[in-house]
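The values are calculated or read from the model by the stated rules, or taken from the named source; none is laboratory data. Since the structure is predicted, the reported quantities are computational estimates derived from the model, not experimental observations. Reconstructed Cβ throughout: ideal geometry from the backbone, glycine too, with neighbour counts over all protein chains shown. For the accessible areas, the whole protein counts, side chains as well, though only heavy atoms, and no ligand, DNA or RNA atoms are used. Shrake-Rupley method; radii C 1.70, N 1.55, O 1.52, S 1.80 Å.
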Amino acid sequence: MKNNRVYMQVDAVDKRENFALWYPDGDEFITVKSDWTKENDRVEIYNRLGGQMARIRFDPNTLVYYVGVERYEYELHTYTIFEHYFFKGMLWDILGTLQDPPLDFHNEGTGKLDVRISRVKFRDKGRCFEIKVKDISKLRIAACCVIAMAIKESYKGKSMGEPIEKKGWAKWKERLTTNKGIPYEEILAMREAEKQD
């Protein structure tokens, strides 16, 4: 299947300028626009005819990215940056980082692999992420998820911490009172401490 994959330059977000994603034949898939001055700048995503088809906005602490695709809204939760993400709405559990593909999006509901991200050389665009889906109806959603992850990793944003095992009110109380985000520097310090133990 030819159109079950799209390509995005590896350093697209790092350039801090608007960029496009492409189909395998080189035709434009979507265009991504923002001010690119800070992590929580609103991101707008346009289809190849110029209509807005998606957007990315953020909670006040930039812990959760709200990814609106057409009339649906999904949430990217960063449990630990560069290690563990969850894409709520599609039930994608993502272990790994865009810095070290291949990266798989596993569906927690079905237990199946929905998306695979790999790094390839694409036409005259240089090194690109290849975003490949099994179900073509998930292609736009997967592309928007990868864009959100790329923004989080490029700006080295805050993490939520791994999921809390408590249930009910205790879980929400702990989330509301303690979780303002873990800065990237603290994650690095925790990893260093783990290596020394």
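Structural remarks
- Straight-line reach from Lys125: taking Cα to Cα under 14 Å and skipping same-chain neighbours fewer than 8 places apart, the aspartates and glutamates in range are Asp11, Asp25, Asp27, Glu28.
- Formal net charge of residues neighbouring Gly26 (Cβ-Cβ distance under 15 Å; K, R +1; D, E -1): +1
- When each of the peptides 139-145, 12-18 is scored by the mean number of other C-beta atoms lying within 10 Å of its residues, the order from highest to lowest reads 139-145, 12-18.
- Accessible surface area normalised per residue over the chain is 53 Å², counting heavy atoms of protein chains with a 1.4 Å rolling probe.
- Distance from the stretch 127-149 to the stretch 67-115 (C-alpha centre basis), Å: 10
- Normalised contact order of the chain, rounded percent, pairs of Cα under 8 Å and 6 or more residues apart: 18
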